[in-house]
Amino acid sequence: MSFDISHILEQWDYQPGQVAVRRFAGKDGVEKIQLRLDLGVLQMNSEGRPDGKRPLGHASLYDYYQSRLYKHLVANGGNDTGFKIKAEDCAKLQFEALQYYQRHNCLWQLEDYAGVMRDTERNIAVCEFAQKHAESEDLSWTLQQFKPQLLMMHTRARATQTLRGNDYPAAIQQIEEGIEHIREFHRENARNEPAEQNAELISLKNWLEEVRAHRPLTEREKLERDLNDAVSNEDYEKAAQVRDALRNLKPTE
């Protein structure tokens with residue numbers, strides 16, 4: 001068996017500044033994702049734990065620690081007092097979360113927004129697990145610090161998928177919710193960076209302005225615009241016609 005992957009690299013050029021990702025069925029029948037890097041290729045499974053492993057017999061290390069928590073709760077009458085994850089545990093969870101981070105970035109390039117939401121939701125849950133059960137606040141922060149980026153990507157995937165159905169009001173609401181989630185994170189985790197200077201928050205706010213600017217006008221908004229134009233042009237006959245049309249609109253239009 002040859003370990004040389006030169007033939008793969010020669011058939012798939014690396015282009016600086018471009019993200020090259022592809023999806024295919026592996027020899028084992030499992031769907032794979034590959035990311036072209038400058039010095040090679042990064043390969044992962046498209047579902048489950050990206051490296052395909054089952055640590056300690058579980059689907060992921062996060063699942064393993066959840067099972068430990070469940071056993072602790074059963075043994076202590078539903079009380080989680082005394083259950084803590086140590087520095088080594090947090091490091092392992094962070095390393096595993098990085099795999100899901102790499103995959104959700106690939107899935108974003110593949111426009112698999114459902115997959116991005118799945119992986120970001122999973123990593124957000126890991127952050128919240130660490131926040132609640134890490135031995136110290138500093139240990140918790142080793143994972144918590146990535147939550148704004150995860151919230152941003154989850155919001156972008158969710159709202160982009162909604163925009164595919166041209167549901168601008170719902171997408172705008174989803175972006176606004178994502179912005180509020182990031183603000184809430186900063187309120188709960190007051191560190192050096194002011195919330196409004198957060199890069200992820202700024203990104204979502206700018207995107208929200210773009211989406212609002214491209215939102216198609218409702219029938220009522222079109223008539224209100226026409227009414228303003230008619231009044232400005234002193235075309236009172238047309239203004240009267242537009243007012244009649246506005247009165248005949250249903251409340252939802």
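The values are calculated or read from the model by the stated rules, or taken from the named source; none is laboratory data. Computed from a predicted structure; not experimentally measured. Positions of Cβ are generated from backbone atoms using ideal geometry, with glycine treated the same way; all protein chains shown enter the neighbour counts. Surface areas here come from the heavy atoms of the whole protein model, side chains and all, with no ligands, DNA or RNA. Shrake-Rupley method; radii C 1.70, N 1.55, O 1.52, S 1.80 Å.
Within straight-line reach of K27, meaning a Cα separation under 28 Å, sit the following lysines at least 8 residues removed in sequence or on another chain: K53. Using all alpha carbons of the chain, what is the percent of pairwise distances in each 10 Å bin, ordered from the shortest bin to the longest? Histogramming the chain at 10 Å steps yields 6, 21, 25, 22, 12, 8, 5, 1, 0 percent. What is the percent carbon and sulfur in the accessible area of the stretch 97-212, measuring with a 1.4 Å probe over the protein chains and ignoring ligands? So the carbon and sulfur contribution to the accessible surface is 45 percent. Take the alpha-carbon positions of the stretch 1-119, form their convex hull, and give its projected area averaged over all directions (one quarter of the hull surface) in nm². Taking the Cα atoms of the stretch 1-119, their convex hull projects to 10.3 nm² on average. Of the accessible area of the stretch 1-59, computed with a 1.4 Å probe over protein heavy atoms only, carbon and sulfur atoms account for 52 percent. Taking every DSSP helix (H) stretch of at least 4 residues in the chain, weighting each as -39,500 (n - 2.57) and dividing the sum by the residue count yields a mean residue ellipticity at 222 nm of -19500 deg cm²/dmol.
Expressed as a whole percent, how much of the Cα-Cα distance distribution for the stretch 129-212 exceeds 18 Å? Each step should come with its number before you reach the end.
Values: 1578 of 3486 pairs.
Beyond 18 Å sits 45 percent of the P(r) for the stretch 129-212.
Taking only protein heavy atoms and a 1.4 Å probe, what accessible area per residue, in Å², does the chain have with all protein chains in place?
On the way: 15480 Å² over 253 residues.
Each residue of the chain exposes 61 Å² on average to a 1.4 Å probe.
Label point of E219 set 7 angstrom out along Cα-Cβ; within the stretch 230-253, amide nitrogens under 12 Å from it belong to 245-253.
Relative to the longest principal axis of the Cα atoms of the chain, the long axis of helix 87-109 makes an angle of roughly 50 degrees. Computed with the Debye formula from one identical point scatterer per Cα of the stretch 173-223, without solvent, the log10 of I(q)/I(0) at q = 0.19 Å⁻¹ comes to -0.66.
Hey, could you get me the Stokes-Einstein D for the stretch 209-253, Kirkwood radius over alpha-carbon pairs, 25 °C and 0.890 mPa s, rounded to whole µm² s⁻¹?
Approximately 217 µm²/s, per Stokes-Einstein.
Seen from all directions on average, the stretch 63-141 presents a Cα convex hull projection of 5.5 nm².
What Kirkwood Rh does the stretch 1-48 have if only Cα atoms enter the pairwise 1/r average? Answer in Å.
On the way: mean 1/r = 0.0851 Å⁻¹.
Across the stretch 1-48, the inverse of the average 1/r is 11.8 Å.
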